[in-house]
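The values are calculated or read from the model by the stated rules, or taken from the named source; none is laboratory data. Keep in mind that this is a model prediction, so the values were computed, not measured. Every residue, glycine as well, gets a Cβ built from its backbone with ideal geometry; the counts of neighbours run over all protein chains shown.
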Amino acid sequence: MKPLFKFFKLHLSFFLPLSLITMFLIQSCDMTDLTVQPKGDYIDGTAIFIDSNFIRSGGHYGLALYNNNPSPFGYQPVFIDTINLGGIVQGGYYKYRMNWSGSGAYFAAVVWLRNAGGMPIVLGTYGCDTSHSCSASKVIAFPNFTGANYNITCWNDTLKSLY
């Protein structure tokens, strides 16, 4: 026991400041909230295609954001992100991450975009999915810090379009 005491007494000028700094750092760290919050400039989710007739020419599928107004799907979307058909897995599931740095409330939809342009064909909306009679599509707020998944069930076939 004596050699250990001698060692600490001899090196007290080193161990005392080190101990005080360590205690200060431990006390200054607020360890009450260790949650990780999403960045806010994206949403995640799954587009679930419920039929198997993918259209492979003349346009492409996409995820679209529409301004929050009384009839949003009658206007051009403010943002469209392409769905890569190669990313669709067995069962018609497409995991997406849509990056958007805008702010406000938006409606989200899976759409078909013709190569020739024009209005996108809406195949499913967040909150209503494939229902033709639904008027309760849900808005998504940006920046979005919820970390929630926004899943949209949709048609592949443009003949079954909602708008």
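Across the range 82-95, what is the number of residues that are in a strand (DSSP E or B) and touching a Phe, Trp or Tyr at 6+ places or on another chain (Cβ under 9 Å)?
The number of residues fulfilling the criteria is 3.
List every residue pair whose Cβ atoms lie under 7 Å apart, where the two residues are 6 or more positions apart in sequence or sit on different chains, the first residue falls within the range 127-153 and is closer than 22 Å to SER101 by Cβ and without any contact (Cβ under 8 Å) to a residue 60 or more places away in the chain, and the second residue, located anywhere, is in a loop (DSSP other than H, G, I, E, B) and not aromatic (Phe, Trp, Tyr).
Going by the 7 Å Cβ cut-off, the qualifying pairs are LYS138/GLY127.
Does LEU85 satisfy the criteria of being farther than 25 Å from TYR163 by Cβ, of a type in the set (A, V, I, L, M) and at pLDDT below 90? Break it down into steps so the answer makes sense when it comes.
Numbers: farther than 25 Å from TYR163 by Cβ: no; of a type in the set (A, V, I, L, M): yes; at pLDDT below 90: yes.
Spelling it out, it is not the case that LEU85 is farther than 25 Å from TYR163 by Cβ, of a type in the set (A, V, I, L, M) and at pLDDT below 90.
Any idea which residue in the range 74-93 is surrounded by the most Cβ atoms within 10 Å (Cβ to Cβ), counting only those that are among the β-branched types (Val, Ile, Thr) and free of Cβ contacts under 8 Å to residues at least 40 places away in the same chain? Walk me through how you get there before you give the answer.
Of all residues in the range 74-93, those among the β-branched types (Val, Ile, Thr) come to 78, 80, 82-83, 88-89.
If we keep only those that are free of Cβ contacts under 8 Å to residues at least 40 places away in the same chain as well, we get 78, 82-83, 88-89.
Numbers: VAL78: 14, THR82: 11, ILE83: 21, ILE88: 18, VAL89: 9.
Across the range 74-93, the extreme among qualifying residues is ILE83.
Do you know which residues across the range 94-110 are touching a residue at least 40 places away in the same chain (Cβ under 8 Å) and closer than 14 Å to PRO77 by Cβ?
Our first condition is that a residue be touching a residue at least 40 places away in the same chain (Cβ under 8 Å); within the range 94-110, this holds for 94-103, 106-110.
Passing the criteria: MET98, TRP100, GLY102, TYR106, PHE107, ALA108, ALA109, VAL110.
Quick one: which residue in PHE107, PHE79, PHE73 is in contact with a helix residue (DSSP H, G or I) (Cβ under 7 Å, 6 or more places away or on another chain) and of a type in the set (A, V, I, L, M, F, W, C)?
PHE107
This table checks each residue for (1) assigned to a loop (DSSP other than H, G, I, E, B); (2) at pLDDT below 85.
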| position | (1), (2) |
| --- | --- |
| ASP33 | yes, yes |
| LYS39 | yes, yes |
| HIS60 | no, no |
| TYR66 | no, no |
| ASN69 | yes, no |
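With a cut-off of at least 2 residues that are among the aliphatic types (A, V, I, L, M) and loosely packed, with under 13 Cβ neighbours inside 10 Å, name the strands (runs of 3 or more DSSP E) lying wholly within the range 107-163. Can you show your working first?
On the way: elements: 121-125, 139-142, 152-154.
It comes to none.
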